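Asker: The structure is given below, and queries will be raised subsequently.
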Amino acid sequence: MAEFTEGTVIVGFLDPGAWSACFGLSYRDLCLYDAASSQRIVRPGGKELRAVTGAGGIAVNRNKVARDFLDNTDGEWLWFVDSDMGFAPETVDQLVKSADPALRPVMGALCFAALRRKPAEVRTLYAERFLIQPTVYEYVETDGEVGFRPIIDYPRDQVMPVAGTGAACLLIHRSALEVVRARYGDAWFDPIVHPTGLKGRPRTFSEDLSFCIRLQAVDLPVHVDTAVKTTHEKGFIYLDEETFEAQNLEG
């Protein structure tokens with residue numbers, strides 16, 4: 001394993017040339033908190049790995065950030081965070097505390113995504129309908145389909161093992177990236193295609209779930225700490241635990 005400075009964290013993020021306000025303000029607060037406390041990020045020799053990315057370049061640029069982290073930094077941990085996320089100042093410290101280089105080398109925060117439930121149609125005046133779901137996944141094989149299913153009734157405020165999670169707020173130990181590199185090369189986030197995973201047709205997994213598949217293939221576990229909260233800005237709505245639970249109450 002390459003030399004690293006114990007306890008240090010490198011921030012890696014992709015953006016299209018602009019950030020959500022919730023990200024910029026959260027990142028500011030986190031850096032100020034870090035500088036005044038643990039100095040995992042704001043320190044001599046610290047780096048920030050940013051890649052300006054269009055929609056079609058996410059996997060390529062996640063790979064680039066991971067490669068730069070291993071080859072050009074002394075960080076022990078890589079913290080991937082998306083530029084439309086909001087998070088608390090102590091988020092990185094919480095994730096590092098919950099993680100462990102050997103037992104829990106990949107630790108995600110609790111994040112949420114929007115799933116299209118109904119297409120636009122006349123009845124809804126061409127408005128689409130979405131469901132808010134946690135990016136906390138179990139692996140399923142059923143009715144000719146292979147994939148990941150969100151764990152809707154996830155345990156609150158605790159660390160849990162998962163088959164997969166997203167990379168919107170994800171802490172990764174250097175050793176995990178090195179093990180995946182040894183098996184697959186610098187292709188951590190290249191999308192994986194299951195040839196018959198969608199009822200006999202090919203199914204392409206997202207870049208973050210493809211990373212989780214590779215981790216499982218080299219016997220590295222993935223965990224999520226559901227006590228580490230985030231919000232996800234999607235235009236007029238923010239996807240987080242509060243809006244998720246309100247949606248469930250409304251049926």
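Every number here is computed from the coordinates shown, using simple stated rules; none is lab data. Only a predicted model underlies this, so the values are computations on that prediction, with no experimental measurement involved. Here the Cβ positions follow ideal geometry from the backbone for every residue, glycine too, while neighbour counts run over all protein chains shown.
Asker: Within a Cβ distance under 11 Å of TYR33, other residues only, what is the Lys/Arg minus Asp/Glu net charge?
Answerer: -2
Asker: Relative to the longest principal axis of the chain, what angle (0 to 90°, nearest 10) does the C-alpha long axis of helix 207-217 take?
Answerer: 70
Asker: Cross-link list LYS97/LYS199; LYS64/LYS229; LYS47/LYS234: which exceed 31 angstrom alpha carbon to alpha carbon?
Answerer: Pairs exceeding the cut-off: LYS97/LYS199.
Asker: Just to confirm a number: summing +1 for Lys and Arg and -1 for Asp and Glu over residues other than ALA176 whose beta-carbon lies under 13 angstrom from that of ALA176, what do you get?
Answerer: Neighbour charge sum, excluding ALA176 itself: +1.
Asker: Let me have the relative contact order for the chain, percent, based on Cα pairs under 8 Å that are six or more residues apart.
Answerer: 23 percent.
Asker: Where a ≥ b ≥ c are the square roots of the eigenvalues of the C-alpha gyration tensor, would you call segment 1-115 rounded, which needs a/c under 1.5, or, failing that, prolate if a/b is larger than b/c, or oblate?
Answerer: rounded
Asker: Which of the chymotrypsin sites (Phe, Trp or Tyr not before Pro) found in segment 183-251 are loop residues per DSSP with 15 or fewer other Cβ atoms within 10 Å of their Cβ?
Answerer: Taking segment 183-251 and a limit of 15 other Cβ atoms within 10 Å, the loop chymotrypsin sites (Phe, Trp or Tyr not before Pro) found are PHE236.
Asker: GLU48 to ARG156: FRET efficiency via 1/(1 + (r/R0)^6), r the Cβ-Cβ distance, R0 30 Å, to the nearest 0.05?
Answerer: For GLU48 and ARG156, the calculated efficiency is 0.40.
Asker: Next question, about the same structure. Please give the Cα centre distance for segment 137-198 versus segment 208-251, rounded to the nearest Å.
Answerer: Segment 137-198 and segment 208-251 have Cα centres separated by 12 Å.
Asker: Between ARG117 and LEU131, what length comes free when the chain is fully extended (0.36 nm per residue of separation minus the Cα-Cα distance, one decimal in nm)? If you can, show how the numbers build up before the last one.
Answerer: Numbers: separation 14, 0.36 × 14 = 5.04 nm, distance 0.60 nm.
My answer for the length gained is 4.4 nm.
Asker: Would you compute, from DSSP H runs of 4+ residues alone, the mean residue ellipticity of the chain at 222 nm, taking -39500 (n - 2.57) per run and dividing by the full residue count, rounded to the nearest 500? Present the calculation step by step, with values, prior to reporting the outcome.
Answerer: Details: 6 runs with 71 residues, N = 251.
Rounded to the nearest 500, it is -8500 deg cm²/dmol.
Asker: Then there's this: Applying the Karplus parametrisation 6.51 cos²θ - 1.76 cosθ + 1.60 with θ = phi - 60° to the phi angles of segment 98-109, what ³J(HN,Hα) value in whole Hz is obtained for each residue in order, glycine and proline being reported as x?
Answerer: Here the 3J(HN,Hα) series is 6, 7, 8, x, 9, 8, 9, x, 10, 10, x, 8 Hz.
Asker: For volume of the Cα convex hull per residue in Å³, the listed values are (i) 142; (ii) 126; (iii) 156; which was obtained by calculation from the structure presented?
Answerer: (i)
Asker: Hey, can you grab everything whose amide H is under 5 Å from the amide H of VAL224? Only 5+ residues off in sequence or another chain; H modelled, so Pro and N-termini drop out.
Answerer: When sequence neighbours closer than 5 places are left aside, the close amide H contacts are GLY108, MET160, VAL162.
Asker: Using only Cα atoms, tell me the angle between helix 241-250 and the longest principal axis of the chain; keep it within 0 to 90° and round to the nearest 10.
Answerer: Here the helix axis deviates by roughly 10 degrees.
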